[in-house]
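Let me begin by presenting the structure, written as structure tokens, before commenting on it.
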Amino acid sequence: MFPRLHPQVVQPLDFNRRYITAELLFALLPSLQSLLHECRKVRRYPSFTSSSITSIFIQQLIFHCDCIVVCRFTDLSVLEKKKLTIMGERVVLHYFNGRGKMESIRWLLTVAEVEFDEKLLDTREEYLKLVNDGKLMFQQVPLVEIDGMRLVQTKAILNYLAEKFNMHGKDLKDRVMINMYSEGLMDLMEMIMVLPFNPDPTAKLEEIEKKAKERYLPVYEKALTGPVYLVGGKLSLADVLLVECTLMLEEKFAGILKEFSAVKSFQGRMIQISAINRFLQPGSKRKPPPDENYAKAVMEVFQIQITISVKSVTFLLCSLSCSMFGISYICRPMCR
Amino acid sequence: MFPRLHPQVVQPLDFNRRYITAELLFALLPSLQSLLHECRKVRRYPSFTSSSITSIFIQQLIFHCDCIVVCRFTDLSVLEKKKLTIMGERVVLHYFNGRGKMESIRWLLTVAEVEFDEKLLDTREEYLKLVNDGKLMFQQVPLVEIDGMRLVQTKAILNYLAEKFNMHGKDLKDRVMINMYSEGLMDLMEMIMVLPFNPDPTAKLEEIEKKAKERYLPVYEKALTGPVYLVGGKLSLADVLLVECTLMLEEKFAGILKEFSAVKSFQGRMIQIPAINRFLQPGSKRKPPPGENYAKAVVEVFQIKI
């Protein structure tokens, strides 16, 4: 139905990025279809000196894929020039030099094999600059710049990326299962995430271990007894979060997966994936477990005062941990 | 392409439920398409005494719409019987007799004009029964029984319902905008939601008012200066949550929307919608603001020590 490409004409700009074939490209772009249709009527391919058509065309291309496939059109030079400038836009993450809420996003981008840059916030001034530039919708990080948009709110970002990279299930039923599993994992990881801000973490650690073993891990053990992935027989957002979560748990509680063999073998399988394997080597973009310096840096940037009364209420609320209550922790107002 | 229905054959079971025409139904059900295709080959419509075909067919129908359109098939009696039993399955919500995290879900179902039943947890035994029956994935409520599934996790439920009722944006870009707005509103509402459990709420109230006026409301004021809805020019999950949130804010801080005229007129427009209007009348399923009894009930059911 569409002209077949000469293989040499396909020029992915960057080896690690996704590229699409011309057929798929044409299927994705109705405007291009109608454009081509018009051209075929007069047996002439479009020349891309018309800047308006080109820019709309390029915009849609950029949105749908990371790389432009150059087709058999007459005027390649304009397309090449535009390709080079626009493809300069990479995914940029703005966050602290630590895990926090951004770590799940880093995991997801890694598994999707999308390269990203990071702007790490070390001082309050850098944070205020972001706020004053109007880049943060609710004055909160994480912030992810992608596809010409500035996305905030961790869960909105994760859903966007998962859907963009086909890790969000094939239909509504799969999607709701993925979301249920993901939300449970994010609840559990959040409990671990706030520990550095708790002056007395020992009791909390016991509670997290208990909840992990009684409430959360059994669910995933059951789901993975048989299936290779959590939902729909293919890799999804929920699987990525489960790997991240189990590794975080093992950092705190060494033998916690002993009674959960299906989860353990799932973890083993996932670690074999080359992108994940590379992420776990030293020198990757993976951030280390949070320590006191991290806690200090965060509190300084956000100018948080931890007083006794706020602590006790907030962390008691943490201990309630049923979805009735928000898990309010010190950083909650600032980090989403 | 498909046989036209006689209007009389369309029998919605319940006036308030959504129904679909036969054409749309056939478009939604590939299995039915292939089934019909096979039948047309041999010039014979399927008889529904075959229970396996019927049950798969009915399952898919139930999933996609609230009401079955009866078509020109030979054996109607089986279909009618099955329709009556399966349509008996309504949406059921399990939660406390209070707002909490379930209130957003109640709002969304109301705006979508879907009727629902509620099983309210008053005692710890009722909660433990749910746990022991294995109905709660993470031993947590809210729990929503819908389409033969038991859904937990408020955000997963809201996303599911929003997508099912076409309130989740037309494409990925709209969807991420809706999600960003929704997450912000849920953060703000959560701060208000936990107040009854805070022994010293005064300082927190001031903080909430400050955040609402400086961080959250300006965003929605800007988004609604011009457009009628928050995203994509049509009603979405984010609009529903914004109505809920502004009403909650006004219960605590009477004049808070004074400087936010676009949000105030948005609220005024949304209240005109008949389903929302009915929801705001006394006697509806809307729950009152949490009082002390509510906090006590929750603490007792979950055996929390504060």
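The values are calculated or read from the model by the stated rules, or taken from the named source; none is laboratory data. Remember, it's a predicted structure, so these values are computed and weren't measured experimentally. Glycine gets a Cβ as well: all are built from the backbone with ideal geometry, and neighbour counts include every protein chain shown.
Of all the numbered requirements in (1) under 15 Å from A:Leu108 (Cα atoms); (2) assigned to a helix (DSSP H, G or I); (3) out of contact with any helix residue (DSSP H, G or I) (no Cβ under 7 Å at 6 or more places or on another chain), A:Leu235 misses one, and that requirement is (2).
For the stretch B:223-233, taking the residues that are free of Cβ contacts under 8 Å to residues at least 60 places away in the same chain and within 19 Å of the chain's Cα centre (by Cα), the one that is surrounded by the fewest Cβ atoms within 10 Å (Cβ to Cβ) is identified as B:Tyr229. Taking (1) facing chain A (nearest Cβ under 7 Å); (2) modelled with pLDDT of 90 or more in turn, B:Val144 satisfies each apart from (1). Number of residues in the stretch B:162-184 that are within 10 Å of chain A (Cβ to nearest Cβ) and farther than 15 Å from A:Asn159 by Cβ: the value is 1.
Do we have any residue at all in the stretch B:75-84 that's at pLDDT 90 or above and charged (D, E, K, R)? Within the stretch B:75-84, not a single residue is at pLDDT 90 or above and charged (D, E, K, R). The residues of the stretch B:260-306 that are part of a loop (DSSP other than H, G, I, E, B), within 23 Å of the chain's Cα centre (by Cα) and of a type in the set (Val, Ile, Thr) amount to a single one, B:Ile273.
The criterion of at least 2 residues that are of a type in the set (Asp, Glu) is met by the following strands (runs of 3 or more DSSP E) wholly inside the stretch A:107-207: A:116-121. For the stretch A:207-222, a residue qualifies if it is within 10 Å of chain B (Cβ to nearest Cβ) and within 23 Å of the chain's Cα centre (by Cα), and exactly one does: A:Tyr216. When each of A:Glu190, A:Glu244, A:Glu214, A:Glu206 is tested for being in contact with a Ser or Thr (Cβ under 8 Å, 6 or more places away or on another chain) and of a type in the set (D, E, K, R), the lone residue that passes is A:Glu244. Could you tell me whether the stretch B:252-266 includes any residue that is farther than 29 Å from B:Tyr127 by Cβ, in contact (Cβ under 8 Å) with a residue 60 or more places away in the chain, crowded, with 19+ Cβ neighbours inside 10 Å and not assigned by TED's automatic domain parsing to the domain that holds B:Gly100? No, that holds for no residue. Taking the stretch B:101-116 as the search range and keeping residues that are out of contact with any helix residue (DSSP H, G or I) (no Cβ under 6 Å at 6 or more places or on another chain) and at pLDDT below 90, which one is farthest from B:Leu185 (Cα to Cα)? That would be B:Glu115.
Figure legend. Inter-residue proximity from the stretch B:90-110: first residues within 11 Å of chain A (Cβ to nearest Cβ), second residues crowded, with 22+ Cβ neighbours inside 10 Å and in a loop (DSSP other than H, G, I, E, B), beta-carbon distance below 7 Å, spacing 6+ or different chains. Indicated pairs: B:Tyr95/B:Val141; B:Tyr95/B:Pro142; B:Gly100/A:Met324; B:Lys101/A:Ser323; B:Lys101/A:Met324; B:Lys101/B:Pro142; B:Met102/B:Pro142. When B:Leu151 is tested against the conditions (1) facing chain A (nearest Cβ under 7 Å); (2) more than 24 Å from A:Ala212 (Cα to Cα); (3) at pLDDT 90 or above, the lone failure is (2).
Does A:Ile157 satisfy being under 21 Å from A:Pro290 (Cα atoms) and either free of Cβ contacts under 8 Å to residues at least 40 places away in the same chain or of a type in the set (A, V, I, L, M) (or both)? The answer is no for A:Ile157. Taken over the stretch B:186-206, the criterion of being of a type outside the set (Ser, Thr, Tyr), more than 8 Å from chain A (Cβ to nearest Cβ) and more than 25 Å from A:Ala238 (Cβ to Cβ) is satisfied by B:Leu188, B:Met189, B:Ile192, B:Leu195, B:Pro196, B:Pro201, B:Ala203, B:Lys204, B:Leu205, B:Glu206.
Listed conditions (1) facing chain A (nearest Cβ under 10 Å); (2) hydroxyl-bearing (Ser, Thr, Tyr); (3) part of a loop (DSSP other than H, G, I, E, B) are all met by B:Tyr229, apart from (1).
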